[in-house]
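Have a look at the structure below before the remarks.
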Amino acid sequence: MLLWSLPRTVCVLSVCVCLALTYEDDDIEINYADTYYNEITEEDSPVPTSSPPPCGSPDLNKWDKMFSMLENSQMRENMLLQYADDIIKVEIGSLRGEMLRFIAQYGGSCGAAVETAGRRMVLQLENRLRESLERIRLKEQNSAAARNSIGNSNHLEATLQQLISTVQTQANRLAKLETSCFSSPGTGMGMNSKRSLLPEGGAAEILEQEVASHQAALNGLQAALLQVRVGLAEVLSSSQQRYLPAGCEMALLFPMRSRRIYTAVAPEVPLALSAFTVCMWVKPTAASSKTVLLSYGDRHNSFEIQLLLAHTSALITIGGEAHLVEARGVVKSGGTEDWIHLCGTWSSEQGLASLWADGKKVVTTTGVAEGHVLPDGGSFQLGQERSGCCLPNQGNEYRVPGFEAGFEPKLAFTGKMTGVNMWSRVLSGEEISQLALREGRGCGQRGNIVAWGVTEMVPHGGAQFVN
């Protein structure tokens, strides 16, 4: 019995001891608190004052709101950027997968079509380059000025030959690619053999690399073509400045408008004519309302024959300014950088007069000085007209002092002139067309009244013969 009651007694005593200790701790804390408050008397206690809460001013509230808005906007921006980045990554990955599948599935058929188009382009380029070479060779043969630039032409020809060789090499490479890389599945031992040994992704990557390689080669070829094109344009521009048409070896240069600049012509035979054809090549720097190309007259009538330019028109008069024939739109406004071939024909029978430009009949008029006969003993000028101030001396040469006073600067021709010929008959349309061929030998067909390169032509003032 004692053994059974001993544990109970111990347990009860333990509980009592714990309660006593707890009660003692509470008393100590209460006593400490009472002692602390007893140290301050009621007389010394300060009067409590109301202090404003922190950040209570209106300015601080405004800045707080602004900072909060900035933080919120920055957080939203970061969230949007992150969201957009995630979307782009997903879409790009999906697009890449679709492209790889497309290349793996349709690479053969599409590649064959691309290569066929590429080969056609290469053939067209070769043909165009060969045509350019042929044109340059013809110009070198027909123009003495072009022979002066033979060094540039040879360099250009070598460059073009090198380019053609490069194009042919590229065509061979494209043909090999077509037969090996883009053949039908199961045929050949080229690209398809590699693809059969690799998974779908690996075959697509190899195909993509091959396409990128050939694309780079084509880009290099395009750059080389552009460089050759620039060089060709420079050489052609330089040759065109010195180029003379129809096999002519010299030209008359009229550098500016002046009453002193003209060229006197001494015809081979007297000009007592009832029909004629006059032709010339002209390259005007500028054309005013009346620019004189050719003029013939005597002391009674200074305007027996006139071949004129008026802005964009060409005109011819026979027997006086009342008998005028005009061909419009044959000259570019403000002048031209290219040569123009002009011909005027007239016959006193029915007064039939025509104007031709570049080998084509532009206008025909009847009743022009019908029955008229051109008088002999007049003066023949190029680039100016005589106003009837002077009479001819022996040999039909005007050497009277002050002869130039009869010329007006505003009527003077400025530019180049070549191939001036005159016949005592009306040439046929076929003959005029042959004279107007730029690559032909029209300068070799000389007139019986005025023959270019044979008839005496005396430049005055600043006019001069040039090659």
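The values are calculated or read from the model by the stated rules, or taken from the named source; none is laboratory data. Here the structure is a predicted model, which is why all the values come from computation and not from measurement. In this analysis, Cβ positions are derived from the backbone assuming ideal geometry, glycine residues included, and neighbour counts consider all displayed protein chains. Calculation scope for accessible area: heavy atoms of the full protein, side chains included, ligands and nucleic acids excluded. Shrake-Rupley method; radii C 1.70, N 1.55, O 1.52, S 1.80 Å.
Observations
- Sites Glu349 and Arg328, calculated FRET efficiency, Cβ-Cβ separation with R0 35 Å, nearest 0.05: 0.85
- Computed extension length for Ala275-Leu226: 12.3 nm, one decimal, from 0.36 nm per residue of separation with the Cα-Cα distance subtracted.
- Per-residue surface analysis assigns Met99 an accessible area of about 100 Å², computed on protein heavy atoms at 1.4 Å probe radius.
- Calculated FRET value between Asn467 and Thr116, using beta carbons and R₀ = 56 Å, to 0.05: 0.65
- Accessible surface for Trp423 stands near 20 Å², nearest 10, in the context of the full protein assembly shown (1.4 Å probe).
- On full extension, the segment bounded by Val454 and Phe102 gains 119.1 nm, given 0.36 nm per residue less the C-alpha separation.
- Length added when fully stretched, Leu437-Asn219, from 0.36 nm per residue minus Cα-Cα: 74.5 nm
- With a 1.4 Å probe rolled over the protein heavy atoms of all chains, the accessible area of Ser424, Ser333 falls in the order Ser333, Ser424, largest first.
- The Cβ shell under 10 Å around Thr277 holds other residues with a net charge of 0, Lys and Arg each +1, Asp and Glu each -1.
- Charge sum, other residues only, whose C-beta stays under 12 Å from Met79's C-beta, Lys/Arg counted +1 and Asp/Glu -1: -2
- Solvent-accessible surface ranking, highest first, for His323, His300 at 1.4 angstrom: His300, His323
- The Cβ shell under 13 Å around Ala314 holds other residues with a net charge of +3, Lys and Arg each +1, Asp and Glu each -1.
- Label-point separation in nm, Ser424 to Arg260, each point 7 Å along Cα→Cβ: 3.8 nm
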